[in-house]
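Peer 1: Let me begin by handing over the structure; questions about it come next.
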């Protein structure tokens with residue numbers, strides 16, 4: 001299974017053992033003692049799968065009873081780290097005119113990390129000893145517990161120049177409260193925060209997706225949160241295809257962890273026949289990050305060679321297939337909208353897009369197709385082209401099958417159709433199922449033409 005050497009770990013923990021007590025009058029672990037002026041919360045706010053505010057009871061909580069009122073010390077230690085990383089913006093400052101730190105730093109990210117077969121492998125794979133797999137960190141390791149105690153509220157700092165400090169940045173000043181052998185609440189103040197702009201040094205953050213600004217002179221790179229429930233493979237381009245093409249208005253910065261894994265792969269330090277697993281975490285906040293609505297995670301499996309510098313063209317082609325899935329999903333949404341109108345629905349009131357319908361159907365097939373991109377096929381253009389054709393044929397059939405099933409549910413009125421006046425354009429348009437079906441099939445065959453068809 002593998003393990004870290006025991007002796008250096010024991011020596012380190014012996015040296016700093018007094019900084020790892022969960023309760024201590026001077027230096028409680030990852031906490032600041034005596035911050036009674038901070039916002040007071042109960043254990044139900046500490047526990048992330050409840051995250052109940054002081055003002056409203058969460059009706060459909062993941063736990064109830066004593067599990068909400070208090071938690072054991074070991075569990076409280078885990079949630080302590082969670083609150084530090086993902087806390088919302090509901091806490092109030094104790095003074096006027098203090099800057100806002102926003103949500104906890106980790107909560108601002110589109111989190112991505114590599115998953116190993118066990119905890120040892122996971123830690124080792126994500127221990128990015130080189131920034132983006134290319135350059136050394138600027139300063140020596142300096143985790144928060146080795147530093148002098150910081151008690152100031154809402155302090156802007158520079159982006160940490162070493163991985164240990166970045167991973168342990170104290171986004172919140174926290175102090176746990178306990179009673180009868182369990183933690184029943186905590187005090188909280190805003191802590192350290194820094195710019196999330198890539199040009200200001202935020203690219204040192206290794207575990208996030210980044211936005212894709214069209215104009216870098218107006219919009220800088222910054223971490224891009226992941227939509228809750230979104231399949232990981234739909235962010236393939238953001239994860240693995242880096243582009244900076246001003247003429248095409250494409251600007252992208254891939255996650256640092258991907259660069260690090262690429263370096264390991266190109267140095268021959270990864271097993272080529274074993275897939276890599278990248279996990280993406282979606283976090284959804286509400287009302288200016290004032291509370292947490294929901295979260296999700298999904299894992300993407302690919303073989304290591306795909307992220308090698310040598311196979312950039314393959315990654316671009318995979319992203320193209322992801323984009324085609326989006327086009328097909330949009331076409332299906334438009335078909336269903338037109339059938340609704342043809343059946344007498346209100347043309348002015350659009351129904352939610354049916355992305356989930358198409359993506360649910362292609363999810364497993366697309367993941368399986370990705371795992372076929374491995375071995376000799378990657379160096380054989382003809383074989384890889386056949387693999388693409390195989391997928392496009394499958395995707396086309398899925399798109400047509402979904403449409404056929406949905407059309408079977410339509411009523412007779414949709415076949416006759418409905419004429420809709422567009423007062424803004426001064427035109428009329430007939431909506432009917434036959435017309436909508438014809439338009440949909442035309443779009444699908446354009447996205448996924450049959451082999452031999454004109455493209």
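Peer 1: In segment 368-383, what residues are surrounded by fewer than 17 Cβ atoms within 10 Å (Cβ to Cβ) and either on the phi > 0 side of the Ramachandran plot or part of a helix (DSSP H, G or I) (or both)? Working first, answer last.
Peer 2: Taking segment 368-383 first, the residues surrounded by fewer than 17 Cβ atoms within 10 Å (Cβ to Cβ) are 368, 371-372, 374-377, 379-383.
Of everything in segment 368-383, those that are surrounded by fewer than 17 Cβ atoms within 10 Å (Cβ to Cβ) and either on the phi > 0 side of the Ramachandran plot or part of a helix (DSSP H, G or I) (or both) turn out to be 368, 375, 376, 377, 379, 381, 382, 383.
Peer 1: Please give the number of the condition residue 151 fails out of (1) in contact (Cβ under 8 Å) with a residue 60 or more places away in the chain; (2) within 28 Å of residue 295 (Cα to Cα); (3) not in a helix (DSSP H, G or I).
Peer 2: Going through the list (1) in contact (Cβ under 8 Å) with a residue 60 or more places away in the chain; (2) within 28 Å of residue 295 (Cα to Cα); (3) not in a helix (DSSP H, G or I), residue 151 breaks only (2).
Peer 1: Given 133, 48, 116, 107, which one is surrounded by 12 or more Cβ atoms within 10 Å (Cβ to Cβ), within 25 Å of the chain's Cα centre (by Cα), modelled with pLDDT of 95 or more and over 24 Å from residue 3 (Cα atoms)?
Peer 2: Details: 133 fails: over 24 Å from residue 3 (Cα atoms); 48 fails: modelled with pLDDT of 95 or more; 116 fails: over 24 Å from residue 3 (Cα atoms).
Going through 133, 48, 116, 107 in turn, the sole match is 107.
Peer 1: Does residue 185 qualify as being touching a residue at least 24 places away in the same chain (Cβ under 8 Å) and over 18 Å from residue 106 (Cβ atoms)? Walk me through how you get there before you give the answer.
Peer 2: Working: touching a residue at least 24 places away in the same chain (Cβ under 8 Å): yes; over 18 Å from residue 106 (Cβ atoms): yes.
Answer is yes for this residue.
Peer 1: Out of segment 405-437, which residues are in a helix (DSSP H, G or I) and over 10 Å from residue 335 (Cβ atoms)? Reasoning before the result, please.
Peer 2: Quick first cut of segment 405-437, residues in a helix (DSSP H, G or I) only: 405-408, 413-416, 433-437.
The answer is 405, 408, 413, 414, 415, 416, 434, 435.
Residue by residue, here is whether (1) without any contact (Cβ under 8 Å) to a residue 60 or more places away in the chain; (2) farther than 17 Å from residue 77 by Cβ; (3) part of a loop (DSSP other than H, G, I, E, B); (4) touching a helix residue (DSSP H, G or I) at 6+ places or on another chain (Cβ under 8 Å) holds:
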residue: 11; (1), (2), (3), (4): yes, yes, no, no
residue: 22; (1), (2), (3), (4): no, no, yes, yes
residue: 34; (1), (2), (3), (4): no, yes, yes, no
residue: 41; (1), (2), (3), (4): no, no, no, no
residue: 49; (1), (2), (3), (4): yes, no, yes, no
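Peer 1: Collect the residues in segment 277-306 that are in a strand (DSSP E or B) and more than 15 Å from residue 233 (Cα to Cα), keeping them in residue-number order.
Peer 2: Here is the first cut: in segment 277-306, the residues in a strand (DSSP E or B) are 277-286, 291-302.
Once the filter is applied, which keeps residues that are in a strand (DSSP E or B) and more than 15 Å from residue 233 (Cα to Cα), segment 277-306 yields 283, 284, 285, 286, 291, 292, 293, 294, 295.
Peer 1: In addition: Search segment 246-274 for residues being modelled with pLDDT under 95 and outside any loop (DSSP other than H, G, I, E, B), and hand back the single one that is surrounded by the fewest Cβ atoms within 10 Å (Cβ to Cβ).
Peer 2: So, considering only residues that are modelled with pLDDT under 95 and outside any loop (DSSP other than H, G, I, E, B), the one surrounded by the fewest Cβ atoms within 10 Å (Cβ to Cβ) is 247.
Peer 1: Sort through 151, 122, 208 and tell me the only one that's at pLDDT below 95 and out of contact with any helix residue (DSSP H, G or I) (no Cβ under 7 Å at 6 or more places or on another chain). Give the steps one after another, and end with the answer.
Peer 2: Details: 122 fails: at pLDDT below 95; 208 fails: at pLDDT below 95.
Matching residue, one of 151, 122, 208: 151.
Peer 1: Out of the residues in segment 275-288 that are touching a residue at least 12 places away in the same chain (Cβ under 8 Å) and surrounded by fewer than 19 Cβ atoms within 10 Å (Cβ to Cβ), state the one that is farthest from residue 122 (Cα to Cα). Walk me through how you get there before you give the answer.
Peer 2: Filtering segment 275-288 for residues touching a residue at least 12 places away in the same chain (Cβ under 8 Å) gives 275-285, 288.
After this cut, where a residue has to be surrounded by fewer than 19 Cβ atoms within 10 Å (Cβ to Cβ) as well, the list is 275, 277, 279, 284, 288.
Numbers: 275: 14, 277: 10, 279: 11, 284: 25, 288: 33 Å.
Among those residues, the one meeting the criterion is 288.
Every residue, every condition in (1) surrounded by 13 or more Cβ atoms within 10 Å (Cβ to Cβ); (2) in contact with a strand residue (DSSP E or B) (Cβ under 7 Å, 6 or more places away or on another chain); (3) modelled with pLDDT of 85 or more; (4) farther than 30 Å from residue 117 by Cα, yes or no:
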position: 3; (1), (2), (3), (4): no, no, yes, no
position: 8; (1), (2), (3), (4): no, no, yes, no
position: 12; (1), (2), (3), (4): no, no, yes, no
position: 18; (1), (2), (3), (4): no, no, yes, yes
position: 39; (1), (2), (3), (4): yes, yes, yes, yes
position: 61; (1), (2), (3), (4): yes, no, no, yes
position: 81; (1), (2), (3), (4): yes, no, yes, no
position: 89; (1), (2), (3), (4): yes, no, yes, yes
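The values are calculated or read from the model by the stated rules, or taken from the named source; none is laboratory data. Note that this is a predicted model, so its numbers are computed, not measured. Cβ coordinates were reconstructed from backbone atoms using ideal geometry, including for glycine residues, and neighbour counts include every protein chain displayed.
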